[in-house]
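Any read-out appearing in this document is the output of simple, stated calculations on the displayed coordinates, not a laboratory observation. Given the structure is predicted, the values throughout are model-derived calculations rather than measurements. Cβ placement follows ideal geometry from the backbone for every residue including glycine, while neighbour counts extend to all protein chains displayed.
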There are 2 protein chains.
Amino acid sequence: MSEEYYTESQKKMARYAKALGHPVRVFIMEYLMKNASRCCYSGDMAEELPIARSTLSQHLSELKDAGLIQGEINAPYIKYCINKENCAEAERLLGQFFKNIDFSNTTTCNSSKIL
Amino acid sequence: MSEEYYTESQKKMARYAKALGHPVRVFIMEYLMKNASRCCYSGDMAEELPIARSTLSQHLSELKDAGLIQGEINAPYIKYCINKENCAEAERLLGQFFKNIDFSNTTTCNSSKIL
DNA sequence: TTCGCATTTCGTATAAATACGAAACAAAGA
DNA sequence: TCTTTGTTTCGTATTTATACGAAATGCGAA
């Protein structure tokens, strides 16, 4: 019944963008990127963030559900790291997306009646 | 009292990403990019989307508040277009962000205990 | 088996996002 | 001035996101 109005790319892009749509989650991603050579645990990040550990855990889950990170059990810790494959896809989708902007055209929206 | 935990880049990135975190808004952005040479009105997009016009208007407002698009009054229409300056910033921020991924390192999270 | 530890899940509260239809608005034209 | 028209704002309902503390979980070590 419900027709498909959005392309797979549009839905995927929105999914990835939504996951990155919170400063805590951007922080987590950058933390994992910077510390990719060593083990990254929830507790390490918790010490640098002003939120409860349960809240951090939820943000980790969101990034995991979106496919941007993955966790590996290293009991009693859980080691987190970037999901490179999906991050590469997100990078590609976003790159393609912005490439469609025509920076040569300067004739639109240059009047004084800008909202 | 509330210390600053997130960088300006992190907050800006999250803001832009959040604005792109819905298929309708990705659709709108791509529509405006593709039709940059001509006028884009709310009604044109409404005809291609399965949502109420008031809902579309709200999504347009979100993109506008995030700085990704702008509107120009062309009564009784409102002409929308990409805000190139801010889109360029978003592109730059996201590009920098993903560039931090170390694709050469393959030693993390390759065990069988992946969550 | 029992304890301790890091982490998540649960329960819950509050705020924000998403959606719709009705009403308001602003400007052009009759 | 009144009407028409495209769009937004308002009022509202529902869902989802964000946050916390308490309790549960899973596992290694004692």
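Worth a mention:
- Under 5 Å from the amide H of B:ASN83 lie the amide H atoms of B:ILE69, B:GLN70, each residue being 5 or more positions distant or on a separate chain, with H modelled from the backbone and absent for Pro and chain starts.
- When the listed pairs A:LYS84/B:LYS64; A:LYS11/B:LYS99; A:LYS79/A:LYS99; A:LYS12/B:LYS99 are checked against a 26 Å cut-off, the alpha-carbon distance exceeds it for A:LYS84/B:LYS64; A:LYS79/A:LYS99.
- Rounded to the nearest 20 debye, dipole of chain A from Cβ charges on Lys, Arg, Asp, Glu: 160
- Over all orientations, segment A:40-100 has a Cα convex hull whose mean projected area works out to 5.0 square nanometres.
- Neighbours of A:LEU20, meaning other residues whose beta-carbon lies under 11 angstrom from its beta-carbon, give a summed charge of +3 when Lys and Arg score +1 and Asp and Glu score -1.
- Among A:LYS34, B:LYS11, a tally of other beta-carbon atoms within 10 Å of each Cβ gives an order, fewest to most, of A:LYS34, B:LYS11.
- Listed from fewest to most Cβ neighbours within 10 Å, the set B:MET29, B:MET13 follows the order B:MET29, B:MET13.
- Other protein chain C-beta atoms within 10 Å of residue C-beta, averaged over A:82-94: 3.
- For segment A:1-102, the list of GluC sites (Glu not before Pro) that fall in a loop by DSSP and count at most 11 other C-beta atoms within 10 angstrom reads A:GLU3, A:GLU4, A:GLU47, A:GLU48.
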